Structures are given as structure tokens and as C-alpha cells.
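Structure record follows, encoded as C-alpha cells.
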Amino acid sequence: MKTEPDAFGIADLKKRRKQTEHWDGVRNYQARNFMRAMQPGDQAFFYHSSCAEPGIAGIAEIVCVAYPDFTAFDPKDPHYDPRSFAAKPVWYMVDVKLAREFKLPVTLARIKATPALKNMRLVQRGNRLSIMPVTAKEWQTILKLEKED
DNA sequence: GCCAACGTTGGC
DNA sequence: GCCAACGTTGGC
């Protein structure tokens, strides 16, 4: 799950009550569908994008299944979408809880330099999805990289 | 700030 | 349904 640390980073999640926050603002159908497939207890990499050092900053745990993203209902919200209303929501979100912050982030540069991760969706051509699946193998490889630091 | 790559929009 | 124009993402 990608986020811009200037807007909401892992340090912000850590400060939230119960270190939990809802993941609002997803306005892409593919990303939404991936989010709707999530189950409580699932884990996700917490990725920092559009910053000095893009990379995986830690791990979050999915707290609940997807429910309507209420920020889409609010005309004053930057992510307002008049097509989505309470009776027929278009956009969804999950709640995520901090599982753990990496001592050192696994940087995008490092991921790109790791042959076992060359097929990762994150590093594939023109990838712009803010939420994407990670294979079990990729997950393990990332954890191994983190351990090596 | 640049720009490639993509998704979305809207005229026809 | 096509496709050009536009907006957004995100690394660099």
C-alpha cells in the first residue's frame, strides 16, 4: 500500500490511536478491487512514494474488511466524488494497524537491484497502482533484505 | 520541474 | 465504440 509520507507516513500511523487509521482516498478501480479482497489479519507492506527515498517503511495489518470511503461523500474533501453516495458507494477503504516499522526501509533502489524481485508489480513498467498484490515469495525476499541490514 | 506511462473523459 | 485530450502518478 503506497502513501506519500508528506501527507501520511508510517510515523503518522504510529501516532494514531491504537496505531490504526482508515485508508481513504483510493480512487482507482483496480486498487479498490485489491483492497476489497483484503481480509482482517492480512498484512501489507507500507510503501513511501514521492519522497527522497522511496521504499518499504514497514508492515501494516488489515483490521477489517473494506467499507464505504466516507470521504467520497464530502463535497469539501479533496477526494470527493459525486458519483459515490451512501446508498450506493463507489469507493471503499480498510482500516490498517501498524504491525512494525522497519529499522531501515527497504528502498526501491534495493528492490530494483534484487534479481529475485524483478517481476514484482511495483517495479514493472509504468506501474501507478497505489495498492497491489505481493506474492508470498516476494514477501519473503523483502523480509530477507530487511534482515540483512 | 520534467516526463513517461497510464486511466479517465467526452465528443463524435 | 473510437480515440484525442487531459489529469494523475511517481521516479528521477
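Throughout, read-outs are computed from the coordinates displayed, never taken from laboratory work. Since this is a predicted model, take the numbers as computed values, not measurements. Positions of Cβ are backbone-derived with ideal geometry, glycine not excepted, and every protein chain shown enters the neighbour counts.
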Problem set entry | Residue satisfying all of: in segment A:90-106; surrounded by 17 or more Cβ atoms within 10 Å (Cβ to Cβ) and part of a loop (DSSP other than H, G, I, E, B); nearest to the chain's Cα centre (by Cα) among these | A:V94
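Being free of Cβ contacts under 8 Å to residues at least 60 places away in the same chain, more than 21 Å from A:E138 (Cα to Cα), surrounded by fewer than 16 Cβ atoms within 10 Å (Cβ to Cβ) and more than 16 Å from DNA strand C (Cβ to nearest atom) narrows it down to one of A:Y67, A:Y29, A:Y80, so name that one. If you could, list the steps in order and put the result at the bottom.
Values: A:Y29 fails: more than 16 Å from DNA strand C (Cβ to nearest atom); A:Y80 fails: more than 16 Å from DNA strand C (Cβ to nearest atom).
Within the list A:Y67, A:Y29, A:Y80, the selection yields A:Y67.
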Seminar exercise, completed: Pairs returned, first residue in segment A:39-63 that is of a type in the set (F, W, Y), second residue that is surrounded by 14 or more Cβ atoms within 10 Å (Cβ to Cβ), beta-carbon separation under 6 angstrom, 6 or more apart or interchain, are A:F45/A:I56; A:F46/A:I10; A:F46/A:A57; A:F46/A:G58; A:F46/A:A60; A:Y47/A:K2; A:Y47/A:I56
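Please find, within segment A:33-48, the residue that is farthest from A:F8 (Cα to Cα) out of those that are buried (at least 17 other Cβ atoms within 10 Å of the Cβ) and within 16 Å of DNA strand B (Cβ to nearest atom). Spell out how you get there, then give the answer.
Let us first name the residues in segment A:33-48 that are buried (at least 17 other Cβ atoms within 10 Å of the Cβ), namely A:34-35, A:38, A:44-48.
In the following step, the residues that additionally are within 16 Å of DNA strand B (Cβ to nearest atom) were identified as A:34-35, A:48.
Numbers: A:F34: 20, A:M35: 18, A:H48: 9 Å.
My answer is A:F34.
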Exercise. Quick check: anything in segment A:63-74 closer than 28 Å to A:D149 by Cβ and among the acidic types (D, E)?
Worked result: no
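If you check A:D24 against the conditions, is it within 16 Å of DNA strand C (Cβ to nearest atom) and either over 13 Å from the mean Cα position of the chain (by Cα) or of a type in the set (G, A, S) (or both)?
Details: within 16 Å of DNA strand C (Cβ to nearest atom): yes; either over 13 Å from the mean Cα position of the chain (by Cα) or of a type in the set (G, A, S) (or both): no.
The answer is no for A:D24.
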For this session: Identify the single condition in (1) free of Cβ contacts under 8 Å to residues at least 40 places away in the same chain; (2) aliphatic (A, V, I, L, M); (3) more than 16 Å from DNA strand B (Cβ to nearest atom) that A:L104 does not satisfy, given that it satisfies every other one.
Result: (1)
Exercise. Failed condition for A:W139, given (1) in a helix (DSSP H, G or I); (2) out of contact with any strand residue (DSSP E or B) (no Cβ under 6 Å at 6 or more places or on another chain); (3) buried (at least 17 other Cβ atoms within 10 Å of the Cβ); (4) of a type in the set (A, V, I, L, M, F, W, C), with all others met?
Worked result: (3)
For this session: Identify, by number, the condition in (1) among the hydrophobic types (A, V, I, L, M, F, W, C); (2) touching a residue at least 12 places away in the same chain (Cβ under 8 Å); (3) surrounded by fewer than 17 Cβ atoms within 10 Å (Cβ to Cβ); (4) part of a loop (DSSP other than H, G, I, E, B) that A:A109 doesn't meet.
Result: (4)
